[in-house]
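Worksheet for the structure shown next.
Values quoted throughout were computed directly from the atomic coordinates according to the rules given, and no laboratory measurement underlies them. Given the structure is predicted, the values throughout are model-derived calculations rather than measurements. FYI the Cβ positions are ideal-geometry reconstructions off the backbone, even for glycines, and counts take in every protein chain you see.
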Amino acid sequence: MSGKEQEVDPKLALDYGGKVHRALEETGRRLNQVLLGQTALSFACAAIALDQVSPPSAYTVTGLEIGLSLPAILTGASLMISCLIMYQIGLVHHEERLRSTLERIYAALGFDDESMVDVLASPLEHPGLATIVLAQTRTTKGLSTAYRVTRVFVTLLFLGVPLFSQALVAYRLTLLGPLGWLVPIGFGFFLSVWHLMIYIRRERA
């Protein structure tokens, strides 16, 4: 290194920035899909655990009929929810890293605009299920009551409901037995909470 700042080729920087922005948009789309699928699966799983819905006992796969017990169905759904929670958290982190990369590229090119600072309504951000709802309740004077209430609702919907549905599954299986099904469910729940705590600690750091 010569100690001098490396000159940035504007064309090359904009070309790379375009690739990063496309990756950011794709990440946002995937995040929306995960949130929708995760929420729907969580409510369905909770309904089954509360004995409000009875899932089919047999499924047809490539012409073969496969029978599944209720514990197997609940355990599989619970593990899928755990995977989606971890995927959701990973996508959020990935989205933040891509956005910060774009901000650095524009800063290196000498471009600066106050809209880029707004993480909820930035033109670099793909409109998400959570961000677009929170953005319209946020005021320029700070956090409003509507924003606080909406933020709690969004958090409970996209994180609280999936975790609670896993707890309901564990409770239902303690009633059905055998208790061996609780091992994978407990492990999946532990991983979900662990990844959530990692993300929260990283945000606070």
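Brief remarks follow.
- Calculated on C-alpha atoms, the gyration radius of the range 36-111 divided by its Kirkwood radius gives an Rg/Rh of 1.30.
- The chain: DSSP helices with Cα axial extent of at least 27 Å and average Kyte-Doolittle hydropathy no lower than 0.5: 70-108, 182-204
- Counting other Cβ atoms within 10 Å as a rough exposure proxy, the listed residues Cys45, Cys83 run Cys83, Cys45 from fewest neighbours to most.
- Helical content alone sets the calculated 222 nm signal of the chain at -23000 deg cm²/dmol, taking -39,500 (n - 2.57) per DSSP H segment of four or more residues and averaging over every residue.
- Evaluated on the range 94-205, the Kirkwood hydrodynamic radius is 17.2 Å, with distances taken between all distinct Cα atoms.
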